[in-house]
Amino acid sequence: MIHQQPAGRTSNSNPPTGSQICIVGGGFGGLYTALYLQKYRHLRNSQITLIEPKGRFLFTPMMYELITDELKEWEIAPTYSSLLAGTNVSWLQTRAEAVDLQRQVVTVTGGDSIAYDYLVLATGADSRPVDIPGVDQHTLTFRSLDDALSLKARLSQLLQVQAMGPQASAAPVYVTVIGGGPSGVELAGKVSDYLGARGQITLVDRGATILKPFEKGLRRLAQQALARRDIRVLTETSVAAVSADTVTIEAGGEQQVLLSHLTLWAVGTQPNPWLGEQAVDHNEQGQRLTRRSLQLIDHDNVFVLGDSADVRGSKRNAAPNTAQAAYQAASRVAANLAAMTRGRSPKPFNYLHLGDMVTLGVGDAGLWSFGITLGGRIAALCRRGVYIFRMPTRRHRAKVARRALGELGRAVFLPWRKRRDPGYES
Ligand SMILES: Cc1cc2nc3c(=O)[nH]c(=O)nc-3n(C[C@H](O)[C@H](O)[C@H](O)COP(=O)(O)OP(=O)(O)OC[C@H]3O[C@@H](n4cnc5c(N)ncnc54)[C@H](O)[C@@H]3O)c2cc1C
């Protein structure tokens, strides 16, 4: 069993006397469970361990803003050590390699093991591998902080290289975004705004429409935003192959080769592999089946949530694979853990769909919530406000909100000041 403090471990000052709670995965499901557990006084002396190999949490819904410099890395990717400071959560910066449900032990990289009374598994999902020639070698994904930084570096490089070409400044940069779900649409808008008039963006989706699961008004707003940016949208079109500078597409039985200096892959995910030594029930995608209380079927002391879980029970409550569902589930897991450690019964998780929001370029967004659809700058402001409110910890929210308010103040004050005094320099 583990006793020493590995690098990257935040320590808690109270010796543990209560239950040992082990959380695997520090994303929306795992980190938010650890933070929600702080609300329960009787758990203050529990040993809560968070196993997460990355150094920084990633607020994925706002990753797109890194491309256009609307947000800074520290805002959407705060370090775990800063987020967990002052809590009773010990962060182990390592990977969980195996879980033994019978012995109640998690083994981490290097062979150390952590015993638990309660286990929370929130290991998330990753891109689903596909069998299309060239996709692995010639496309960029957009799921991690490294992906966002690589994309930005590649876009800047493309602008420089193309500017040195035979037609110099007029040379267009061709980008193909594959996948017309929220991620593909949001990427297309931001990449277009980054490249400006030089960008020639094509969005490809094999379905009949983009943003299929979204409400009609929101889809229309997105289509208009893409049209304003001259982004070509090809629906009912599939991808047959990708090379370093082309994408071969297929529609109506005909193939066509598109020039593409950069191809972005925004299609399909699959849950990260099950870590258990014993097999458990799962669905076709590999998501682990849980009861409505989010407890693993046949294992009362194990909770699974987020993208790697499939909550069984009434269809009405089925939770989608979103951050919104994961942090709602985290609140329920924390409440159920608090109840069970007091000998009470866990309660079912009821997912409440609060709405959908998409960024549609710089200073533009679309949102739908409880029958109301909003677009443009006002939607962009609301989206930013809602996401700041959803960020982890009060301290981090306050830091991000201060910068947003400062920016808003400058956006309002500067034009007013310049109108009064045309010689005014900011
Ligand atoms: C670019 C992008 C934009 C998105 N935008 C939105 C949005 O606007 N709205 C929305 O609701 N959702 C959005 N999502 C989806 C949302 O991010 C996920 O649904 C959510 O993160 C799922 O939470 P999770 O806890 O299951 O997984 P994650 O948040 O992915 O966390 C999983 C964590 O587990 C860790 N992990 C994995 N394996 C191990 C292991 N063996 N040991 C230890 N740790 C491990 C990983 O490092 C990771 O930190 C977006 C996703 C992406 C990629």
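Kindly evaluate Asp300 against the criterion of being more than 20 Å from the chain's Cα centre (by Cα), more than 16 Å from the ligand (Cβ to nearest atom), assigned by TED's automatic domain parsing to the domain that holds Ile48 and modelled with pLDDT under 95.
no
Hey, does segment 342-364 have a residue that's of a type outside the set (Val, Ile, Thr), within 16 Å of the ligand (Cβ to nearest atom) and in a helix (DSSP H, G or I)? Please lay out each step first, then the result.
Start the filter on segment 342-364 by keeping residues that are of a type outside the set (Val, Ile, Thr), which leaves 342-357, 360-361, 363-364.
Now restrict to residues that are within 16 Å of the ligand (Cβ to nearest atom): 349, 351-357, 360-361, 364.
Checking the rest, the ones that are also in a helix (DSSP H, G or I) come to none.
No - not one qualifying residue is present in segment 342-364.
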Out of all the residues in segment 303-335, which are of a type outside the set (Phe, Trp, Tyr), at pLDDT 95 or above, on the phi < 0 side of the Ramachandran plot and touching a Phe, Trp or Tyr at 6+ places or on another chain (Cβ under 7 Å)? Ala323, Ala325, Ala326, Gln328, Ala329, Ala330, Ser331, Arg332, Val333, Ala334
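Go over the candidates Leu35, Leu83, Leu31 one by one and state the one that is among the aliphatic types (A, V, I, L, M), more than 9 Å from the ligand (Cβ to nearest atom), within 23 Å of Ala339 (Cβ to Cβ) and assigned to a helix (DSSP H, G or I).
Details: Leu83 fails: within 23 Å of Ala339 (Cβ to Cβ); Leu31 fails: more than 9 Å from the ligand (Cβ to nearest atom).
Matching residue, one of Leu35, Leu83, Leu31: Leu35.
Test Asp136 against the criterion of being assigned to a helix (DSSP H, G or I), free of Cβ contacts under 8 Å to residues at least 60 places away in the same chain and more than 30 Å from Gly406 (Cα to Cα), and give yes or no.
Details: assigned to a helix (DSSP H, G or I): yes; free of Cβ contacts under 8 Å to residues at least 60 places away in the same chain: yes; more than 30 Å from Gly406 (Cα to Cα): yes.
So Asp136 fits the description; yes.
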For the subset of segment 38-57 comprising residues that are surrounded by fewer than 21 Cβ atoms within 10 Å (Cβ to Cβ) and within 11 Å of the ligand (Cβ to nearest atom), which member is farthest from Ala115 (Cα to Cα)? Arg56
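Listed residues Gln285, Gln295, Gln278; which is closer than 30 Å to Ala188 by Cβ and more than 12 Å from the ligand (Cβ to nearest atom)? Before you say what the answer is, go through the steps one by one.
On the way: Gln295 fails: closer than 30 Å to Ala188 by Cβ; Gln278 fails: closer than 30 Å to Ala188 by Cβ.
Just one listed residue meets the conditions, Gln285.
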Tell me yes or no: at least one residue of segment 334-341 is within 15 Å of the ligand (Cβ to nearest atom), part of a helix (DSSP H, G or I), under 27 Å from Thr393 (Cα atoms) and in contact with a helix residue (DSSP H, G or I) (Cβ under 6 Å, 6 or more places away or on another chain). yes
Determine which member of the set Gln270, Gln278, Gln256, Gln285 is surrounded by fewer than 17 Cβ atoms within 10 Å (Cβ to Cβ) and either acidic (Asp, Glu) or within 30 Å of Arg344 (Cα to Cα) (or both). Gln278
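In this structure, does Thr123 turn out to be in contact with an Asp or Glu (Cβ under 6 Å, 6 or more places away or on another chain), surrounded by 15 or more Cβ atoms within 10 Å (Cβ to Cβ) and closer than 30 Å to Val280 by Cβ?
no
The values are calculated or read from the model by the stated rules, or taken from the named source; none is laboratory data. Just so we're clear, the structure is a prediction, and the values are computed from it rather than from any experiment. Reconstructed Cβ throughout: ideal geometry from the backbone, glycine too, with neighbour counts over all protein chains shown.
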